[in-house]
Amino acid sequence: MKVQSSNSVELQPVTMEGSSACQVRWLLSRDDGAPSFAMRQFEVAPGGYTPRHHHPYEHEIYVIEGQGEVYEGDTPHPISAGDVILVKPDDVHQFKNVGDSTLKFLCLIPNSADQRPADQQPECSAVDSGSGRTS
């Protein structure tokens, strides 16, 4: 078992092209012994956004605080604290902060699919120089 404060995990800038004012914390991953899923926490400043992108695996999202929009292709959907979102494989998506405070959300992604390593795209990522892990 691993127990830690999310605030003790380094907040890293999102460096993927097409993002702005977005940061990520890798709360749990394969490096922590999580065999199936990675849990990330994103923080998007007012006016900021994640890149518009897609990939062959799903995301499960839980909005912790703030106001935003999640784009499904070109269609925006309003989101706020307490909302849950399923981004299906290959859906084009993007998260934008449309509020006056930080938009925070948890994002779960698979570590594997059918017992094979998942090809995780480097969306909203930074490279952790210590482990070589793309985050």
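The values are calculated or read from the model by the stated rules, or taken from the named source; none is laboratory data. The structure displayed is predicted, hence computed values, not measured ones. FYI the Cβ positions are ideal-geometry reconstructions off the backbone, even for glycines, and counts take in every protein chain you see.
Does Pro78 satisfy the condition of being assigned to a strand (DSSP E or B), without any contact (Cβ under 8 Å) to a residue 24 or more places away in the chain and of a type outside the set (A, V, I, L, M, F, W, C)? Considered against the rule, which asks whether it is assigned to a strand (DSSP E or B), without any contact (Cβ under 8 Å) to a residue 24 or more places away in the chain and of a type outside the set (A, V, I, L, M, F, W, C), Pro78 comes out as yes.
If you go through the range 51-78 and keep only what is at positive phi and modelled with pLDDT of 95 or more, you end up with just Gly66.
Within the range 44-75, how many residues are in contact (Cβ under 8 Å) with a residue 40 or more places away in the chain and not charged (D, E, K, R)?
Matching residues across the range 44-75 total 17.
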